[in-house]
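The values are calculated or read from the model by the stated rules, or taken from the named source; none is laboratory data. Since the structure is predicted, the reported quantities are computational estimates derived from the model, not experimental observations. Cβ placement follows ideal geometry from the backbone for every residue including glycine, while neighbour counts extend to all protein chains displayed. For accessibility, only protein heavy atoms count, side chains too; no ligands or nucleic acids. Shrake-Rupley method; radii C 1.70, N 1.55, O 1.52, S 1.80 Å.
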Amino acid sequence: MNLIWTPAQLAMLAKVVDLNGFSAAARALAVPKAAVSRAVADLEKTLGVRVLERTTRRISLTSAGRLLYPHAKRVGEESDAARSAIAKLQSPEARPLRVVADPTFGRVLLSPLVPRFLEAFAHVPLEVALDAQQLAAGAWDVAIRTRPPADESVTQRLLGAPPALLCATPAYLQQRGMPARPDDLRSHDLLTPDAAELPEFRLLLERGAQRAEVPLTPKLAVDDPAVLHAATAAGLGIGLLPEFLCRQGLATGRLKPVLSEWTVPAAAALYALYPTALESDPRAQQFVDFLAANIVPALAPSAPARASAARPGAHDAGEDARPLGHG
């Protein structure tokens, strides 16, 4: 009777080996981890040999497992092919591609791209959520976020790291003075990204071959760039912000660049994430490719755009950040 279940057990074994873990295999197969462990254990019992060596840090195939793996792999591939054929029959394109993003990056960078993607790929409906909680819960097909988790069941694609700058309101600078050199920042209120993992916040600045490293005690350190931008715009101090969030304020004169001849490290890198199981889904690939082709230029504005941000009458953030045409 056990032989009836052997093909399913072989497919699970192949998934465990391919993803290098029982947890990752369970997520990919959408079953409890215990079910995967039991399937492999029952397979070993049926065959009368051990096929996996397990340690707390890794798994590896035994000599019997190495003989068995090619057959298990073929069983898994045929199972995937059968599911794919039925999925096509049931028209999976009818289900929207679920996209979720951090609200700050979603409003500024993703929102302009959604209508352009739908124009270029009319056959791919989207369900978009700008929701940090849903982002953390993992109920998505494609996610846009910083600091992606180390999860072998999720594929990551780097979209870019937004350039950053120092800026403040004219009122703050009039009251506290404009810093003339990096060391002057020590006497100012700094608003910075969260750096809780560091014993001390040290800001690195470069100007040509010159480098300066300034230890600071931020007045506000937070991992949400929207909160940093709001605090900066309220005149609470000098903000270290992604450049794309400051364009409108710089263009209208509500913000002024600080130490503009010096460059600071880029903001946290932005990634597109999607389950490894969707690597063969053309809709997910089309959307991620479109993001990579269009968000990257928006993160790195042209030299004329950077120059115009410093003078009144320049275009606002939406125009400066306008993405390229269809990818």
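Numbers below:
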{"read-out": "Heavy-atom accessible area per residue - the range 226-292, 1.4 Å, Å²", "value": "36 Å²"}
{"read-out": "Of all DSSP beta bridges in the range 176-238, antiparallel share, percent nearest 5", "value": "65 percent"}
{"read-out": "Label zone at Ala41 (point 7 Å along Cα-to-Cβ), backbone N below 14 Å, the range 1-33", "value": "33"}
{"read-out": "Stretch gain in nm, segment Asp223-Ala82, where the contour uses 0.36 nm per residue and the Cα spacing is subtracted", "value": "46.3 nm"}
{"read-out": "Sum of side-chain charges, Thr232 neighbourhood, beta-carbon under 14 Å (Lys, Arg +1; Asp, Glu -1)", "value": "+2"}
{"read-out": "Total formal charge among the other residues, if their Cβ is under 13 angstrom from that of Ala168, Lys/Arg +1 and Asp/Glu -1", "value": "+2"}
{"read-out": "FRET efficiency for Asp183 and Arg66, using Cβ-Cβ distance with R0 set to 41 Å, rounded to 0.05", "value": "0.10"}
{"read-out": "Under 25 Å from Lys219, Cα to Cα: lysines that are on another chain or at least 8 residues apart", "value": "Lys256"}
{"read-out": "Amide hydrogen neighbours beyond the local backbone of Phe201, cut-off 5 Å, H modeled", "value": "Leu216"}
{"read-out": "10 Å beta-carbon shell around Glu127, net charge (K/R +1, D/E -1)", "value": "+1"}
